[in-house]
Amino acid sequence: MKREFSAGGVVVRTLGGRLHVAAIRPQGKKPGTWVLPKGAIDPGEGPAETALREVREETGLEGRIVEKLGDVRYVYTWSGERIFKVVSFFLVRAGRGRIGEIDEAMRVEVAEARWLPLEEAPELLAYGGEREMAAKARDRLAAG
């Protein structure tokens, strides 16, 4: 079985006294379909580097890795081939940048980017593994 490796970020920032997470709506997905920024690990790149690159490309935000949150593993089928995929997620503190100000070339992938309240993210994100990572980030940050 073919294997793929990706990485992404659970990007957090405090807005109005509440923690928020950066989410994107991929092109072609209906409004309200929110996912975390992530993408394939490029040759010579480590997972943490990939997570920060994908965050920057897909949201317009720079960030700093706090820690690895965990991996999401699943199998999917593409053109009749079964593929085992591992996505490593990192807790990222947002730095410079403005959400949604992305390179025009990324508009083929990203329809919009916005902040979601972190408390609500485990219900708002489209995929179970990403909901789990948002909940893990919420719990880690609540614990200090």
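Just so you know, all these numbers are worked out from the coordinates, no wet-lab data involved. Bear in mind that the values here come from a model prediction, so they are computed numbers and not experimental data. Quick reminder, even Gly has a Cβ in these numbers, built from the backbone with ideal geometry, and neighbours come from all protein chains shown.
Quick one: which of Glu119, Glu101 is assigned to a loop (DSSP other than H, G, I, E, B) and more than 18 Å from Val10 (Cβ to Cβ)? Can you show your working first?
Working: Glu119 fails: more than 18 Å from Val10 (Cβ to Cβ).
Just a single option satisfies the conditions, and that option is Glu101.
When the residues of the stretch 5-19 are narrowed to those that are more than 10 Å from the chain's Cα centre (by Cα) and under 21 Å from Asp71 (Cα atoms), which ends up surrounded by the most Cβ atoms within 10 Å (Cβ to Cβ)?
Once the filter is applied, the top-ranked residue is Val12.
Are there any pairs, at least 6 apart or on different chains, whose C-beta atoms fall under 6 Å, with the first in the stretch 28-50 and without any contact (Cβ under 8 Å) to a residue 60 or more places away in the chain and surrounded by fewer than 14 Cβ atoms within 10 Å (Cβ to Cβ) and the second of a type in the set (Phe, Trp, Tyr) and in a loop (DSSP other than H, G, I, E, B), and if so, which?
Qualifying pairs under 6 Å: none.
Restricting attention to the stretch 66-95, and to residues there that are without any contact (Cβ under 8 Å) to a residue 40 or more places away in the chain and among the hydrophobic types (A, V, I, L, M, F, W, C), which single residue is nearest to Thr14 (Cα to Cα)?
Per the criteria, the residue is Val66.
For the subset of the stretch 53-68 comprising residues that are out of contact with any Gly (no Cβ under 6 Å at 6 or more places or on another chain) and surrounded by 23 or more Cβ atoms within 10 Å (Cβ to Cβ), which member is nearest to Lys38 (Cα to Cα)?
Glu58
Looking only at residues that are more than 18 Å from Phe5 (Cα to Cα) and β-branched (Val, Ile, Thr) in the stretch 71-101, which one is surrounded by the most Cβ atoms within 10 Å (Cβ to Cβ)?
First pass over the stretch 71-101, keeping only residues more than 18 Å from Phe5 (Cα to Cα): 79-80, 92-101.
Next, from what is left, pick out any that are β-branched (Val, Ile, Thr): 92, 99.
Details: Val92: 29, Ile99: 19.
Of everything passing the filter in the stretch 71-101, Val92 is surrounded by the most Cβ atoms within 10 Å (Cβ to Cβ).
Criterion first (free of Cβ contacts under 8 Å to residues at least 24 places away in the same chain, surrounded by fewer than 14 Cβ atoms within 10 Å (Cβ to Cβ) and more than 24 Å from Ala142 (Cα to Cα)) does Glu104 satisfy it?
Values: free of Cβ contacts under 8 Å to residues at least 24 places away in the same chain: yes; surrounded by fewer than 14 Cβ atoms within 10 Å (Cβ to Cβ): yes; more than 24 Å from Ala142 (Cα to Cα): yes.
Yes: the conditions hold for Glu104.
What are the residue pairs meeting all of these: first residue in the stretch 1-20, first residue polar (S, T, N, Q), second residue part of a strand (DSSP E or B), Cβ atoms under 6 Å, and 6 or more apart or on different chains?
Pairs that qualify, where the first residue is polar (S, T, N, Q) and the partner is part of a strand (DSSP E or B), are Ser6/Lys38; Ser6/Gly39; Ser6/Ala40; Ser6/Val87.
From the set of residues in the stretch 19-73 that are in a loop (DSSP other than H, G, I, E, B) and among the small types (Gly, Ala, Ser), which is farthest from Leu91 (Cα to Cα)?
This residue is Gly28.
Name the residue that is surrounded by the most Cβ atoms within 10 Å (Cβ to Cβ), counting only residues in the stretch 132-144 that are of a type outside the set (Asp, Glu) and farther than 15 Å from Pro37 by Cβ.
Looking at the filtered set, the residue picked out is Arg138.
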